[in-house]
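See structure below.
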Amino acid sequence: MSAVVEGFAGKIVGPEDPEYDAASRTVLVGGSPAYVLRPETVEDVRKAVRYAAGSGLPLAVRGGGHAFPGFGTNDGGVVIDLVDLAGIELVDKDRHIVRIGGGATWGQVAAALAPHGLAISSGDTRSVGVGGLTLTGGIGWKVRKYGLALDSLVAAEVVTAAGEVVRASADENPELFWAIRGGGGNFGIVTAFEFAAHPTTDIHFGKVVFAATEIADVLPRWAEYLRTAPAELTSIASFANPFLGGPEAPLEIQLAYDGDDAELAARAIDPIRALGTVVADEVALTPYAEVLVDGLVPPPGIRFETRSAFVDKDSVPEVLRILAEAGTAQGSPVIAVRSVGGAVAQVADDATAYAHRQAELMFVTMTVGPPPVLEATRPARQQLWDRLSPNVSGAYANFLSAAEDADVDAVYPAKTYERLAAVKREYDPENVFSGNHNIRPAS
């Protein structure tokens with residue numbers, strides 16, 4: 001097998017190997033690649049990219065494997081799995097600069113930074129890859145205080161489609177640096193990220209729960225409160241969970257107050273408790289590394305169908321009315337509404353390729369089941385989205401199970417796409433890195 005890629009020192013897994021079944025699939029989607037390459041060094045990555053580009057085989061890059069469309073695998077192609085490039089090092093204690101390998105997960109990062117009293121605003125799942133989340137956004141439990149994961153990125157080491165290693169930062173290859181902060185894996189393989197972490201304490205974390213009968217009343221007032229709540233407070237409103245009763249499932253207001261001061265936390269959280277009749281209150285002081293959850297691993301034959309959109313201030317009341325109505329009806333998908341704004345909106349719209357800075361909310365609908373169930377329920381979901389479409393915009397790439405042209409158009413507005421396409425032309429003119437929400441090189 002080592003002869004497949006000349007000089008490659010990492011692991012090569014083919015269909016005849018015992019570990020192939022596990023190596024060929026991502027967390028969410030199965031595949032049947034010709035080879036899974038697991039580089040141990042940046043030089044291995046360079047050789048793997050050059051092999052994939054020269055072979056003409058489709059290329060998938062895996063940095064965690066949680067992408068809903070299954071970007072981390074393919075059929076008949078090459079997978080470059082970065083799992084063995086997962087080092088985490090505090091390289092500048094004074095500036096809290098952390099260098100993180102492209103195959104690390106956010107659980108590994110949180111655990112490594114905890115002894116230093118540091119954290120990085122990231123997602124909410126331990127097993128999600130640093131690369132997959134960061135390159136397209138990163139909305140997590142510190143988003144209103146510290147912004148997206150990509151907002152903390154200060155530099156990256158990138159292997160391009162030509163197999164060259166370049167550094168991207170505000171001073172070096174700045175247009176590439178702009179593009180990788182939101183443009184996904186279109187421009188190369190990030191073998192190392194450099195983030196500016198921030199000091200952290202334990203945080204007040206948990207959920208306040210209301211009955212399903214109060215969703216229509218509590219949900220809009222929750223959103224209104226988050227508009228002026230302290231930036232330390234981030235929150236998600238979830239309902240219609242089929243495992244908790246579907247249309248009778250409670251409204252769970254999950255929240256994180258970024259601080260250990262009990263009085264300040266109560267001052268921020270009590271207005272949420274006052275929104276309705278609380279049936280459960282499970283907020284407690286928790287180490288930040290422990291608030292990240294394990295990712296869902298579906299059993300064989302079960303798939304997720306996920307869709308997302310953003311909501312601006314003026315559209316919030318109508319969108320939440322429609323979602324509350326849908327969530328308390330039979331057959332509803334799971335619905336989760338996330339507060340954004342705060343630090344996200346304080347970054348200039350064109351500072352990064354993440355294009356949805358001014359949205360007040362981001363929401364997700366998710367249906368779980370075998371393919372026949374997903375197919376049978378698709379018309380009802382489409383009807384819901386048809387109702388929502390006049391009042392929503394865009395899409396968050398990390399919560400999309402499809403990657404058709406319409407999905408790419410939703411993720412990247414026209415001006416953003418045009419600029420990304422120009423960067424793509426420079427760094428990947430042959431579109432080697434196409435296994436993503438794909439930006440085609442400008443002609």
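What the table below lists for this structure:
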{"quantity": "Cα long-axis angle, helix 316-327 against the chain (0 to 90 degrees, to the nearest 10)", "calculated": "90 degrees"}
{"quantity": "Top positive-direction residue, dipole computed over region 348-413 with Cβ charges, set Ser393, Phe363, Ala406", "calculated": "Phe363"}
{"quantity": "Accessible solvent surface per residue of region 208-365, calculated while the other protein chains remain in place, 1.4 angstrom probe, Å²", "calculated": "43 Å²"}
{"quantity": "Among Ala155, Thr105, Val61 - extreme Cα towards positive end, dipole of region 22-171, charges at beta-carbon", "calculated": "Thr105"}
{"quantity": "Of Ile335, Pro15, Gly295, farthest towards positive along the dipole that unit charges on Lys, Arg, Asp, Glu beta carbons give the chain", "calculated": "Ile335"}
{"quantity": "Largest to smallest accessible area among Asp294, Asp217 [probe 1.4 Å]", "calculated": "Asp294, Asp217"}
{"quantity": "Region 49-104 - percent of accessible surface contributed by carbon and sulfur, probe 1.4 Å", "calculated": "47 percent"}
{"quantity": "Lys, Arg +1 and Asp, Glu -1 on Cβ, resulting dipole of the chain about Cα centre, debye, nearest 20", "calculated": "420 debye"}
{"quantity": "Cα-based equivalent ellipsoid of region 55-178: semi-axis lengths in Å, sorted from largest, via gyration tensor", "calculated": "25, 18, 14"}
{"quantity": "C-alpha long axis of helix 414-427 to longest principal axis of the chain, angle in °", "calculated": "20 degrees"}
{"quantity": "Angle between the chain longest axis and helix 371-388 axis [Cα atoms, degrees, rounded to 10]", "calculated": "60 degrees"}
{"quantity": "For region 163-296, convex hull volume per residue from C-alpha positions, Å³", "calculated": "173 Å³"}
{"quantity": "Environment charge at Lys142 (Cβ cut-off 12 Å; Lys +1, Arg +1, Asp -1, Glu -1)", "calculated": "-2"}
{"quantity": "Convex hull volume of the chain per residue (C-alpha atoms, cubic angstrom)", "calculated": "137 Å³"}
{"quantity": "Only Lys, Arg (+1) and Asp, Glu (-1) charged, at Cβ; region 31-72 dipole about Cα centre in debye", "calculated": "60 debye"}
{"quantity": "Set of lysines with alpha-carbon distance to Lys145 below 20 Å, sequence-local pairs under 8 removed", "calculated": "Lys207, Lys313"}
{"quantity": "Between region 123-159 and region 15-48, the Cα center-to-center distance that results, in Å", "calculated": "24 Å"}
{"quantity": "³J(HN,Hα) computed for each position of region 390-401 - Karplus, 6.51 cos²θ - 1.76 cosθ + 1.60, integer Hz, glycine/proline x", "calculated": "x, 10, 10, 8, x, 7, 9, 4, 6, 10, 9, 9"}
{"quantity": "Percent accessible area from carbon and sulfur atoms, region 287-371, protein chains only, probe 1.4 Å", "calculated": "55 percent"}
{"quantity": "Computed accessible area, Leu384, all protein chains, 1.4 angstrom probe, square angstrom", "calculated": "20 Å²"}
{"quantity": "Segment Asp92-Arg378, length gained on full extension (0.36 nm per residue, minus Cα span)", "calculated": "97.9 nm"}
{"quantity": "Cleavage-rule hits, trypsin sites (Lys or Arg not before Pro), region 1-67, DSSP coil, Cβ neighbours within 10 Å at most 14", "calculated": "none"}
{"quantity": "Rounded to the nearest 10 Å², the accessible area of Thr365 at probe 1.4 Å", "calculated": "0 Å²"}
{"quantity": "Surface accessible to a 1.4 Å probe, Tyr257 within the full protein complex, Å²", "calculated": "20 Å²"}
{"quantity": "For region 313-335 and region 380-443, distance of Cα centres in Å", "calculated": "24 Å"}
{"quantity": "Heavy-atom SASA rank of Lys93, Lys313, Lys415, Lys145 (probe 1.4 Å, accessible area, largest first)", "calculated": "Lys415, Lys93, Lys313, Lys145"}
{"quantity": "Val278-Ala345 pseudo-label distance in nm [points 7 Å out on the Cα-to-Cβ vector]", "calculated": "2.7 nm"}
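The values are calculated or read from the model by the stated rules, or taken from the named source; none is laboratory data. Owing to the predicted nature of the structure, the values given are computational and were not obtained by experimental measurement. Cβ atoms come from the backbone with ideal geometry, glycine included; neighbour counts cover every protein chain shown. These accessible areas exclude ligands, DNA and RNA; they are computed on the full protein's heavy atoms, side chains included. Shrake-Rupley method; radii C 1.70, N 1.55, O 1.52, S 1.80 Å.
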